[in-house]
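These notes are about the structure you will find just below.
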């Protein structure tokens, strides 16, 4: 899963991306326990979903590239009601793809977050066509608007 994350995002080479480490995981858990979700098989995780609940003002700043992913996380205040949700990453090992697992895990996490927060917007910064399709499907099922930070998808 780590190799897949490095191949897909190469976050260590892009200052605009969130480079997930133990400190970042602690920050995410402070926002909500369902920010990080995974499905495990006998050898470890096969699906990994990262969501960042935040506020509309920061969502808009991120979409128009005023702030980076790290800034989005760092500027998100604690202990308030969040109205926006960033689908930061969805990783699925190749042999587990096209089975609906990422959507299932993401929807379960979103539903847990929506119990505590009035989420009105979902936003993404897609790195693949599969990611774009996943976020569109999730937004449609959750009946919330989907906003995008633009990125050329190859």
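Hey, could you check region 116-136 for residues that are touching a helix residue (DSSP H, G or I) at 6+ places or on another chain (Cβ under 9 Å) and over 20 Å from residue 73 (Cβ atoms) and say which is surrounded by the most Cβ atoms within 10 Å (Cβ to Cβ)? Here the answer is 134. Any idea how many residues of region 31-59 are surrounded by fewer than 16 Cβ atoms within 10 Å (Cβ to Cβ), in a helix (DSSP H, G or I) and touching a residue at least 12 places away in the same chain (Cβ under 8 Å)? Here the count works out to 2.
Within the set 79, 121, 74, the sole residue that is without any contact (Cβ under 8 Å) to a residue 12 or more places away in the chain and either touching a strand residue (DSSP E or B) at 6+ places or on another chain (Cβ under 9 Å) or within 22 Å of residue 18 (Cβ to Cβ) (or both) turns out to be 79.
Would you point out the residue of region 60-87, among those that are assigned to a helix (DSSP H, G or I) and out of contact with any helix residue (DSSP H, G or I) (no Cβ under 9 Å at 6 or more places or on another chain), that is farthest from residue 130 (Cα to Cα)? Here the answer is 60. Considering only residues in region 114-133 that are modelled with pLDDT of 95 or more and in a helix (DSSP H, G or I), the one that is nearest to the chain's Cα centre (by Cα) turns out to be 114. When each of 139, 90, 106 is tested for being buried (at least 16 other Cβ atoms within 10 Å of the Cβ), within 12 Å of the chain's Cα centre (by Cα) and assigned to a helix (DSSP H, G or I), the lone residue that passes is 106. Of everything listed in (1) at pLDDT 95 or above; (2) farther than 28 Å from residue 46 by Cβ, the single unmet condition for residue 68 is (1).
The values are calculated or read from the model by the stated rules, or taken from the named source; none is laboratory data. This one's a predicted model, so the numbers in the text were calculated from it and none came from an experiment. Neighbour counts run over all protein chains shown; Cβ positions are idealised from the backbone, glycine included.
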